[in-house]
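The block underneath contains the structure these notes are about, expressed in structure tokens.
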Amino acid sequence: PGHYTRPPAQVDAAIFSPPYDEGLGHGSASERNRDIARSRGIQDGHYDYSQVCSENIGNLRGSRYFFEISKVYAECWRVLRPGGILAIVVKGFTRAGVYQDLPGQTEALLLAAGWLKHDEWKRELWSLSFWRILQKRRDPAAFDNRLMFETVLAFKKPEGQGQGVDLCLTSPPYE
């Protein structure tokens, strides 16, 4: 109920930026997004990383995050036609001062699930978030320069039977 459903193998490409395994306190929807969500019947707190919806994937950490995001990738596998492309924008983050390689972890997860790597691009962020700027100022020697980039990972569903007709595009809030 309330979820987008599509017949199997009908979509040409899925492109999105999943919520990151960073926990509560990152990102929130604007008043306009809240109003749009309400007009579509989405409950308050279920459209952002708010504490109201602690089960939002963006609020999960560690193995729970990867378990839940795997369900998203499995649904992409289901709706993408054979040969379809899954493009994901991800970036690493820090936890307890240690860099977490979310792009590498995401790639490993998708390869293990049977996806074929199609391409990869790195883009330098034009600006760091307020929290990254503070982190860099507080301890420049410990700052990991990989935080200055986001990665676009493109994977291909192996060829087989079926044909696609659509594009599915979504982008949850960033840090």
* To do: Just give me the residues in segment 93-114 being of a type outside the set (S, T, N, Q), surrounded by fewer than 20 Cβ atoms within 10 Å (Cβ to Cβ) and in a strand (DSSP E or B), in sequence order.
  => ARG95, VAL98, TYR99
* Can we say ARG132 is at pLDDT below 90 and either among the acidic types (Asp, Glu) or surrounded by 12 or more Cβ atoms within 10 Å (Cβ to Cβ) (or both)? -> yes
* Test: LYS122 is touching a Ser or Thr at 6+ places or on another chain (Cβ under 7 Å), modelled with pLDDT of 85 or more and outside any loop (DSSP other than H, G, I, E, B) -> yes
* Asked: Residues in segment 58-73: is at least one within 28 Å of TRP126 (Cα to Cα), at pLDDT below 60 and part of a loop (DSSP other than H, G, I, E, B)?
  -> no
* Structure fact -> Taking segment 58-69 and keeping only residues that are open to solvent by less than 40 Å² (accessible area, probe 1.4 Å) and touching a residue at least 12 places away in the same chain (Cβ under 8 Å), one is left with GLY58, ASN59, LEU60, GLY62, TYR65, ILE69
* Within the bounds of segment 83-92, is there any residue that is in contact with a Cys (Cβ under 6 Å, 6 or more places away or on another chain), touching a residue at least 12 places away in the same chain (Cβ under 8 Å), closer than 18 Å to PRO18 by Cα and surrounded by 14 or more Cβ atoms within 10 Å (Cβ to Cβ)? -> yes
* Structure fact -> So, first residue in contact (Cβ under 8 Å) with a residue 12 or more places away in the chain in segment 125-142, second residue aliphatic (A, V, I, L, M) and assigned to a helix (DSSP H, G or I), Cβ within less than 6 Å, six or more apart or across chains; the pairs are LEU125/MET148; ARG132/LEU147
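The values are calculated or read from the model by the stated rules, or taken from the named source; none is laboratory data. Being a predicted model, the structure only gives us computed values, none of them experimental. Positions of Cβ are generated from backbone atoms using ideal geometry, with glycine treated the same way; all protein chains shown enter the neighbour counts. These area figures cover heavy atoms from the full protein model, side chains too; ligands, DNA and RNA do not enter into them. Shrake-Rupley method; radii C 1.70, N 1.55, O 1.52, S 1.80 Å.
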